[in-house]
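What follows is a set of notes on a single structure, which appears directly below.
Please treat every number below as a calculation from the coordinates, not as lab data. Quick caveat, the model's predicted, so the values are computed rather than measured. Ideal geometry is used to build each Cβ from the backbone, glycine not excepted, and the neighbour counts take in all protein chains shown.
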């Protein structure tokens, strides 16, 4: 099984089936992901209910941590779902806090990408090597 398949298996274990093919994390956040290349996913939908209570940030934190663990990149378009949620500028700022950066075609379609954080993997590998050495 490759990293991307392992990521999706872990994602499905940590979430519950939701409406219209989504997965639900923490009973409040609907997520819809699709594959985007050999080592990436596309966040097609993130919807918190209720909105503006921090649940969406929690869902993003969960997703980015999982992506870091499996070394998976995430792409998305920073487009609001409705007028009662955050506007585009607030979404962009939120996504930047989680490590997303605007793509080269950002002005045309508000696309952003987040590469996995590698420092965590180096620390994990280092601690694993220490534990295997001690055992």
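Using all Cα-Cα distances in the stretch 23-86, what percent lands in each 10 angstrom bin from 0 up to the longest?
Taking every Cα pair in the stretch 23-86, the percentages come to 21, 54, 23, 2.
What does the extension gain come out to for residue 14 and residue 117, with contour length at 0.36 nm per residue minus their alpha carbon separation? Show your work: numbers first, answer last.
On the way: separation 103, 0.36 × 103 = 37.08 nm, distance 2.05 nm.
That pair, residue 14 and residue 117, stretches by 35.0 nm at full extension.
Peptides 31-41, 6-16: what's the order by average Cβ count within 10 Å, highest mean first?
Packing order, densest peptide first, comes out as 31-41, 6-16.
Looking at the stretch 1-56, I'd like the Rg to Rh ratio, where Rg is from alpha-carbon atoms and Rh is Kirkwood's inverse mean 1/r.
My calculation puts Rg/Rh at 1.00.
Among 88, 51, 75, what is the fewest-to-most ranking by other Cβ atoms within 10 Å?
Working: 88 12, 51 15, 75 18.
In order of increasing Cβ crowding within 10 Å: 88, 51, 75.
How do 46, 79 rank when sorted from fewest to most other Cβ atoms within 10 Å of their own Cβ?
Fewest to most other Cβ atoms nearby, the residues stand as 79, 46.
Rank the residues 110, 1 as a footprinting-exposure proxy: fewest other Cβ atoms within 10 Å of their Cβ go first.
1, 110
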